[in-house]
Amino acid sequence: MLKQSSACVAVARLGVLVPLMALLLTGGAQAADEKYPNWKGQWTRVVHREVEVQGAFDQTKPWGLGQQAPLTAEYQKVLKESMDDQANGGLGNYPTSHCLPSGMPRIMTFGRMEYVITPETTYLLLSGSDHLRRIFTDGRDWPKQPTPTYGGYSIGRWVDEDGSGTYTTLVTETRYFKGPRAFDASGLPLAFDNQSVIVERFFVDKTRPDIMHVLTTVSDHALTRPWTSDRQYQRVATDVEQWPETWCQEGNANVVIGKENYFIRADGLLMPAKKNQTAPDLRYFKQAGE
């Protein structure tokens with residue numbers, strides 16, 4: 001009888017403790033969520049129509065040479081050769097033109113963005129040619145055997161800069177890239193060794209709550225010094241009904257065969273992209289009349 005009574009008491013206590021614990025946990029989660037900024041909605045980069053022809057690292061300057069990037073002499077030559085090749089119908093040093101991912105930092109140039117913030121990870125959902133970034137904010141260290149990716153590996157930390165009890169700034173560092181990558185469509189190069197280190201500070205403008213600053217500093221062996229740009233984004237909607245979708249493969253008429261780029265005509269046939277360009281090697285195809 002005593003054992004049964006003890007069991008009944010334990011069950012009764014458990015019946016009280018379970019909902020109480022759930023309530024405390026829920027309250028704790030809500031309290032934790034309140035520390036994080038409200039970046040809800042759809043964001044897109046601020047476009048300066050008077051200078052932008054194509055998306056660029058520094059939004060306030062024209063792309064290519066107009067960026068005035070602090071390139072080393074070696075990579076100034078890479079940029080010149082890229083732009084000369086493009087002027088002759090080639091693709092230059094622009095890997096995204098044949099549908100490779102943009103990678104960082106160009107991943108942050110095009111499309112609409114959505115921030116999904118959790119205590120462990122902040123997700124950037126992107127509608128450009130690259131579709132997802134993860135920024136880990138759980139206090140982890142760099143992986144011992146990292147797998148390089150176009151977007152790199154991002155570790156961040158939240159900062160309460162004004163002591164209000166709410167985080168205002170996300171500071172991130174991104175490493176471990178694969179390539180090829182370029183800053184913009186002119187072929188403005190990142191170093192071919194892919195040893196870039198990119199530091200970002202995400203914060204909302206204090207006087208314009210629908211403007212996001214992403215202060216971005218790129219350290220790279222193609223540059224003579226770290227290169228910083230205040231990249232800005234505008235919140236175009238809070239309650240979002242539609243998200244655009246972009247896939248590079250749709251409508252892309254470029255075909256790279258070997259080291260040459262060719263163009264697919266509207267009738268589906270291959271045509272040269274450059275003047276006096278030779279046809280691709282067809283040794284593995286049965287020739288007409290054989």
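The values are calculated or read from the model by the stated rules, or taken from the named source; none is laboratory data. Given the structure is predicted, the values throughout are model-derived calculations rather than measurements. Quick reminder, even Gly has a Cβ in these numbers, built from the backbone with ideal geometry, and neighbours come from all protein chains shown. The accessibility values were calculated without ligands, DNA or RNA, using every heavy atom of the protein model including side chains. Shrake-Rupley method; radii C 1.70, N 1.55, O 1.52, S 1.80 Å.
Which of the residues spanning the stretch 101-123 are more than 8 Å from the chain's Cα centre (by Cα) and among the hydrophobic types (A, V, I, L, M, F, W, C)? Of everything in the stretch 101-123, those that are more than 8 Å from the chain's Cα centre (by Cα) and among the hydrophobic types (A, V, I, L, M, F, W, C) turn out to be PHE110, MET113, VAL116, ILE117. Taking the stretch 195-212 as the range and being crowded, with 19+ Cβ neighbours inside 10 Å and out of contact with any Leu (no Cβ under 9 Å at 6 or more places or on another chain) as the test, the residues that pass are ILE198, MET212. With respect to the conditions (1) modelled with pLDDT of 85 or more; (2) surrounded by 15 or more Cβ atoms within 10 Å (Cβ to Cβ), ARG225 falls short on a single one, namely (2). The single condition among (1) of a type outside the set (S, T, N, Q); (2) over 21 Å from ASP210 (Cβ atoms); (3) outside any helix (DSSP H, G or I) that PHE110 does not satisfy is (2). Filtered by the rule that a residue be open to solvent by less than 30 Å² (accessible area, probe 1.4 Å) and under 22 Å from LEU132 (Cβ atoms), the stretch 64-110 gives PRO95, THR96, SER97, SER102, GLY103, MET104, PRO105, ARG106, ILE107, MET108, THR109. Exactly one residue out of TRP43, TRP39 is open to solvent by less than 20 Å² (accessible area, probe 1.4 Å) and assigned to a strand (DSSP E or B): that is TRP43. Here ARG181 meets each of (1) farther than 21 Å from LEU126 by Cα; (2) surrounded by 15 or more Cβ atoms within 10 Å (Cβ to Cβ) with one exception, condition (1). The numbered conditions (1) touching a Lys or Arg at 6+ places or on another chain (Cβ under 6 Å); (2) within 30 Å of THR166 (Cα to Cα) are all true for ARG208 except (1).
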